[in-house]
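Asker: Take a look at this one; I'll ask things after.
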Amino acid sequence: MKTLTSVIAATAIAALTATGIVSAEPKSGGTLIMGTTQKARHLNPAVQSGIATAVPGTQIFATPLRFDENWKAQPYLAESWSTSEDGKSITLNLRKNATFHDGKPITSEDVAFSLETVKQNHPFKSMFAPVVSVDTPDAHTAVLNFDKAHPAAFLAMSGALLPIIPKHVYGDGQNAKTHPANSKPVGSGPFKFVEFKQGEHIILEKYENYFIEGRPYLDKIIIKNYKDSTSATLAMDKGEINFLPFMSATRDIARLKKNKDLAVTNKGYEAVGPLNWLALNTSNQYLKDKRVRQAIGYSIDRNFIVNALHGGLSKLATGPVAPGSPYYAADVNKFDLDLDKAKSLLDEAGFKAGADGKRFSLKVDYIPGPSEMQKNVAEYLKPQLKKVGINVELRAAPDFPTWAKRVGGHDFDMSMDIVFNWGDPVIGVHRTYTCGNIRKGVIWSNTQSYCNEKVDGLLTMAASEQDQAKRISLYQDVQKIIVDDAPQIFLNTLPYHTAYSNKIGNAPLTIWGSMAPMDNVYIK
Amino acid sequence: MSSIETQFIPKSQHPIVEAIKAFRQSWAGMLGLILLLLVILFSVAGPFIYAVDPFEIIWAPLTAPGVVANAPFGTDHLGRDVLAGLVYGGQATLFVGLTAGFLTITIGILVGAMAGYYGGGVDEILMRITEFFQVLPALLFAMVLVTLFTPSIYVVSAAIGIVSWPTTARLTRAEFLRIKNLEYVKAAQSIGARDNRIIWRVVLPNSLAPLIVSATLTIGVAILFEAGLSYLGLGDPNAFSWGMMIGAGREYILDAWWLVTLPGIMIFLTVLGFSLIGDGLNDAFNPRLRER
């Protein structure tokens, strides 16, 4: 018996080695228990941005497209699509067997309605701003018409950005932002809503009539809330949960990396593109001079931040687009540490050092909460900028709204900030640089008051450039200018990591990570 | 001292001199005084002897004590010298303790003296206000005050003072109620002394003993309070205090014990010093204890 087993095992291993396939066939059943520290306000991503709603929202609602790990659009609710010659319209051919969780068919009417709802209510206005109309020639064809070519629409139709919501539920005239169905949604995706206890848990269950045959594999997804990153990490370490995305505390990541039953990866955050930077208010009397801003760039040792402060788990950020995006530009001014150059730039700008070595003082704000990316880096700036004669004073904010009010209201000199790319540059990058988006009172707009007509022109061109190679090259050019103008000093990407049990197969590691449908995830 | 000489010394000395004598005999008080003097020496003279900028990054983050010569007490989460932090942190810590303690005592005595001496309606109103402050959860109230203004060591000191005075006020009031009906106060009133003079020159000096004891304890409590606020992230990020060091080090407690332990020991010694002095003063001012 024993011999027989080992012979079988040996043959099996040989077979596996020969084919190179070690993973088993996906099988149905099992529960994914996910930990989170984010409290969802509700579950409808059509009217609410942010991770907390996006993770459950993408399980409940399907989008027209999905993206693979190579930034390639793949069919999802739309089985095929085509773009008109001038790029001013995109035709989506929907699956004919797709139904909402209440059994009613998903039609082009719903697509048109969902897009209108997102356009009206979602904070990312640039996603569908060029949409002038959505035609519905038949129940399974939707045609998006733009006033100019709008290639960003593809990414905007994936992830959590264009959930297809039922018109017969949300179209009853109630305000979409406060609709009661937001907390008790009738979805279109692989998992249907079971229970939502705010701040405690979200329970989702396999939708039997899901439009992709044989999927999803999981019976259930439970999203459990933890009060902080440490307790979620401990739960993962002990095996209470089997999936933990969006980890950002480097000590917690390092701890889970030691656990042999877990896989820990930084894949799945390419589309989010989370950047940590030092924002410089260009209307400040010192910072309005580009040379002063560049001098600050040359004074900061980003390698120290990434390797010493973040244990090598974050990545260097060099520009407005995060590394990992096809639009990332590597060929920009890297601002390698050069204190002498910084000093001479400050001298040129006319801010000579006084007898005590000081030139001038600047305050730095930072987002309160976890300190690793924000406060610790701000603290590092103090002794570092002192070396070139800039006296830095930290200004603590007691809570997030206070910080947001200061930075949004342009009442700051320098501030640590975290801004996400959200897939296409049109969605998450343009907002920080266009002259038209200097909007006092709005956080994560152009709070640096940076305005460069050349940048505006290039961004406008890139937004409607249909040729992908040309579009990438336009974004390369514009990033070169922005980085050199230095309205921010780009520091690092957030060290987002996902930890998951070795028992989980096909972990969601496409560009949207866990903000994408987990219909092919299975338990081994 | 010979027995002949002692016969010429008057039997009754000035109460302060008596108290100092008694204090010197108090084991607790003297130990407290020595502790406190050491802490003050460390904090005031330290920066001159160990002149390292506590903000400067000198070595790899989270280096343990004793690993490298230039960071004998290790480095913090940014790679700054912990010993330099301790040396500089003492001044801010003592500053907050003393300022907040002074504020507590001043407001407490003012309110308590008015309420106790005048009684009646004044007492009613002042005591209701005192009670209002007393029933507010002190830490929460201090957090609100610090939140309303930008956290700085002045705001933190002021907030601690504002939430801590009711105890002193009640103590002062009780003393005033006891003393204001004694004969020497009546005598002062009968010769036409004004209230101001009676309160500050007659009643207050005679109620000082418990207030001084209370004041020393208040300073210790204020230092702990500052540590608590800093722990919750409401300290001044531009100043080094021991409380701030604990607050920043708490995230690393599993990997770097020294970040929390060393400033913790400093706070412990300081607060212990103030408490022991309070004990000693209590012994010294209490005639019944003194006779034993």
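Asker: For a quick check of your reading of the model, give me the residue pairs whose first member lies in the stretch B:172-191 and is in a loop (DSSP other than H, G, I, E, B), whose second is among the aliphatic types (A, V, I, L, M), with beta-carbon atoms closer than 7 Å and at least 6 apart or on different chains.
Answerer: B:LYS180/B:VAL203
Asker: If only one of A:ARG439, A:ARG431, A:ARG406 is over 28 Å from A:ARG251 (Cβ atoms), within 14 Å of chain B (Cβ to nearest Cβ) and basic (Lys, Arg), which one is it?
Answerer: Checking each option against the conditions leaves just A:ARG406.
Asker: Next question, about the same structure. Given the criterion within 14 Å of chain B (Cβ to nearest Cβ) and free of Cβ contacts under 8 Å to residues at least 40 places away in the same chain, identify the matching residue among A:PHE412, A:PHE400.
Answerer: Sole residue among the options that is within 14 Å of chain B (Cβ to nearest Cβ) and free of Cβ contacts under 8 Å to residues at least 40 places away in the same chain: A:PHE400.
Asker: Out of (1) surrounded by 15 or more Cβ atoms within 10 Å (Cβ to Cβ); (2) in contact (Cβ under 8 Å) with a residue 60 or more places away in the chain, the odd one out for A:VAL442 is which?
Answerer: Going through the list (1) surrounded by 15 or more Cβ atoms within 10 Å (Cβ to Cβ); (2) in contact (Cβ under 8 Å) with a residue 60 or more places away in the chain, A:VAL442 breaks only (2).
Asker: Filter the stretch B:60-74 for residues that are without any contact (Cβ under 8 Å) to a residue 60 or more places away in the chain and within 10 Å of chain A (Cβ to nearest Cβ); which is farthest from B:ARG250 (Cα to Cα)?
Answerer: Filtering first and then ranking leaves B:ALA60.
Asker: Hey, another quick one. Restricting to the stretch A:362-397, count the residues that are among the aromatic types (Phe, Trp, Tyr) and at the interface with chain B (Cβ under 8 Å from one of its Cβ atoms).
Answerer: Of the residues in the stretch A:362-397, 1 are among the aromatic types (Phe, Trp, Tyr) and at the interface with chain B (Cβ under 8 Å from one of its Cβ atoms).
Asker: Same structure, new question: Select from the stretch A:426-439 the residues that are free of Cβ contacts under 8 Å to residues at least 40 places away in the same chain, in contact with a helix residue (DSSP H, G or I) (Cβ under 6 Å, 6 or more places away or on another chain) and part of a loop (DSSP other than H, G, I, E, B) and list them in ascending order.
Answerer: Scanning the stretch A:426-439 gives a single hit, A:THR434.
Asker: Then there is this: Residue by residue through the stretch B:246-260, note down the ones that are in a helix (DSSP H, G or I) and exposed (fewer than 15 other Cβ atoms within 10 Å of the Cβ).
Answerer: Correct list: B:ARG250 only.
Asker: Can you tell me which of (1) closer than 30 Å to A:GLY189 by Cα; (2) surrounded by fewer than 18 Cβ atoms within 10 Å (Cβ to Cβ) is the one A:CYS435 doesn't meet?
Answerer: It is condition (1) that A:CYS435 fails.
Asker: Tell me, yes or no, whether the stretch A:100-110 has at least one residue that is charged (D, E, K, R) and in a helix (DSSP H, G or I).
Answerer: yes
Asker: If you don't mind, another one. What is the number of the single condition among (1) buried (at least 16 other Cβ atoms within 10 Å of the Cβ); (2) under 30 Å from A:VAL111 (Cα atoms); (3) polar (S, T, N, Q) that A:GLN198 does not meet?
Answerer: The number of the failed condition is (1).
Asker: Could you tell me whether any residue of the stretch B:236-245 is under 30 Å from B:LEU33 (Cα atoms), among the acidic types (Asp, Glu) and more than 14 Å from chain A (Cβ to nearest Cβ)?
Answerer: no
Asker: If you check B:LEU145, B:LEU94, which single one turns out to be within 14 Å of chain A (Cβ to nearest Cβ) and of a type outside the set (D, E, K, R)?
Answerer: Of the residues listed, the single one that is within 14 Å of chain A (Cβ to nearest Cβ) and of a type outside the set (D, E, K, R) is B:LEU145.
Asker: Moving to a separate point now. Just one of the numbered conditions (1) open to solvent by 40 Å² or more (accessible area, probe 1.4 Å); (2) without any contact (Cβ under 8 Å) to a residue 24 or more places away in the chain; (3) closer than 26 Å to A:GLY35 by Cα is not true of A:GLN174; which one?
Answerer: Every condition holds for A:GLN174 apart from (3).
Asker: Exactly one condition in (1) open to solvent by 20 Å² or more (accessible area, probe 1.4 Å); (2) closer than 18 Å to B:GLU251 by Cβ is false for A:GLU379; which is it?
Answerer: Condition not satisfied by A:GLU379: (1).
Asker: Of all residues in the stretch A:382-403, which are polar (S, T, N, Q) and either within 17 Å of B:ASP236 (Cβ to Cβ) or surrounded by fewer than 21 Cβ atoms within 10 Å (Cβ to Cβ) (or both)?
Answerer: A:ASN391, A:THR402
Asker: Mind listing whichever residues of the stretch A:263-290 are of a type in the set (Gly, Ala, Ser) and open to solvent by 10 Å² or more (accessible area, probe 1.4 Å)?
Answerer: Once the filter is applied, which keeps residues that are of a type in the set (Gly, Ala, Ser) and open to solvent by 10 Å² or more (accessible area, probe 1.4 Å), the stretch A:263-290 yields A:ALA263, A:SER283.
Asker: Let me ask something additional. Just one of A:GLY159, A:GLY103 is buried (at least 19 other Cβ atoms within 10 Å of the Cβ) and closer than 27 Å to A:TYR210 by Cβ; which is it?
Answerer: A:GLY159
Asker: Now for a different question. For the stretch A:79-88, state whether one or more residues are among the hydrophobic types (A, V, I, L, M, F, W, C) and open to solvent by less than 40 Å² (accessible area, probe 1.4 Å).
Answerer: No, the stretch A:79-88 has no match at all.
Asker: If you don't mind, another one. Output the residue which, of all residues in the stretch B:22-52 that are assigned to a loop (DSSP other than H, G, I, E, B) and closer than 19 Å to B:VAL82 by Cα, is nearest to the other protein chains (Cβ to nearest Cβ).
Answerer: B:VAL52
Asker: Working carefully through the options A:GLY214, A:GLY189, A:GLY239, find the one that is under 25 Å from A:GLU25 (Cα atoms) and open to solvent by less than 10 Å² (accessible area, probe 1.4 Å).
Answerer: It is A:GLY189.
Asker: Across the stretch B:231-245, what is the number of residues that are assigned to a helix (DSSP H, G or I) and farther than 17 Å from B:GLY101 by Cβ?
Answerer: Within the stretch B:231-245, residues that are assigned to a helix (DSSP H, G or I) and farther than 17 Å from B:GLY101 by Cβ number 3.
Asker: In the list A:LEU313, A:LEU287, which residue meets the criterion of being touching a strand residue (DSSP E or B) at 6+ places or on another chain (Cβ under 6 Å) and touching a residue at least 60 places away in the same chain (Cβ under 8 Å)?
Answerer: Only one candidate passes the filter, namely A:LEU287.
Asker: State all residues of the stretch A:468-524 that are aromatic (Phe, Trp, Tyr) and either in contact with a His (Cβ under 9 Å, 6 or more places away or on another chain) or in a loop (DSSP other than H, G, I, E, B) (or both); if no residue qualifies, say none.
Answerer: Within the stretch A:468-524, A:TYR496, A:TRP512 qualify.
Asker: If B:PHE55 satisfies every condition in (1) surrounded by 15 or more Cβ atoms within 10 Å (Cβ to Cβ); (2) away from chain A (no Cβ under 14 Å); (3) assigned to a loop (DSSP other than H, G, I, E, B) but one, which is the exception?
Answerer: Every condition holds for B:PHE55 apart from (2).
Asker: So, A:LEU115, is that one farther than 26 Å from A:LEU509 by Cβ, more than 25 Å from the chain's Cα centre (by Cα) and among the hydrophobic types (A, V, I, L, M, F, W, C) or not?
Answerer: In short, no.
Asker: If you check A:GLN466, A:GLN476, A:GLN488, which single one turns out to be touching a residue at least 24 places away in the same chain (Cβ under 8 Å) and open to solvent by less than 40 Å² (accessible area, probe 1.4 Å)?
Answerer: Being touching a residue at least 24 places away in the same chain (Cβ under 8 Å) and open to solvent by less than 40 Å² (accessible area, probe 1.4 Å) holds for just one of A:GLN466, A:GLN476, A:GLN488, which is A:GLN488.
Asker: Find all pairs meeting these conditions: Cβ atoms under 7 angstrom apart; at least six residues apart or on different chains; first residue within the stretch B:264-281 and in contact (Cβ under 8 Å) with a residue 12 or more places away in the chain; second residue surrounded by 21 or more Cβ atoms within 10 Å (Cβ to Cβ) and not in a helix (DSSP H, G or I).
Answerer: These pairs meet every condition: B:GLY280/B:SER26.
Asker: One residue is enough: does the stretch B:199-219 have a residue meeting the conditions open to solvent by 30 Å² or more (accessible area, probe 1.4 Å), of a type in the set (Ser, Thr, Tyr) and away from every other protein chain (no Cβ under 14 Å)?
Answerer: no
Asker: Kindly indicate whether A:PRO326 is more than 10 Å from chain B (Cβ to nearest Cβ) and modelled with pLDDT of 95 or more.
Answerer: Yes: the conditions hold for A:PRO326.
The values are calculated or read from the model by the stated rules, or taken from the named source; none is laboratory data. In this text the structure is predicted, and so the values were computed from the model without any measurement. Here the Cβ is made from the backbone with ideal geometry for all residues, glycine too, and neighbour counts use every protein chain on show. Side chains included, ligands, DNA and RNA excluded: accessible areas come from the protein's heavy atoms. Shrake-Rupley method; radii C 1.70, N 1.55, O 1.52, S 1.80 Å.
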